[in-house]
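Heads up: the structure comes next, in structure tokens.
Since every read-out is calculated from the coordinates, none of them should be taken as a lab result. For clarity, every value in this text was computed on a predicted model and none was experimentally measured. Neighbour counts are summed over all protein chains in view; Cβ atoms, including those assigned to glycine, are modelled from backbone coordinates with ideal geometry.
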Amino acid sequence: MIRMEIALLLVLTFVAFVYFSAGQKHSRLHQTFSILLIAVLVHLVFDAVTVYTVNHLDTVPRILNDIFHRFFIGTMVFVVYLFYQYIAVLVEEETGKPRRFDLVAKIYLAAVLPLEPD
């Protein structure tokens, strides 16, 4: 499992390197994708750390495992929110219609983010 996450992290790092080194427009869509790409990389790091701590509970303190697990869940919720934002901005740019569910998405993010994982 860790090897697959390391491979995915290397691939995403390469994609991020190519994306950030290429000349790009600074539209809302590109800014959202940039934040999404960085957030996914951070999420993958917390995923790998969480997998490691769960598999080594005898050597890793329980509080450290809980902290990393909370960050993992928090970044997952944030990444899902950023995917929504990216799709909403993409649809808005293509159709010209304003976004309607931004307030609902922000309320959902604020409600789900502080929930404690079991």
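The figures follow:
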| item | result |
| --- | --- |
| Rg and Dmax of the chain, Cα atoms only, in Å | 16.9, 55 |
| Footprinting exposure proxy for 21, 27, 34 (fewest neighbouring C-beta atoms within 10 Å first) | 21, 27, 34 |
| Inter-centroid distance (Cα atoms) of the range 11-54 relative to the range 81-110, Å | 19 |
| Charge sum, other residues only, whose C-beta stays under 13 Å from residue 32's C-beta, Lys/Arg counted +1 and Asp/Glu -1 | 0 |
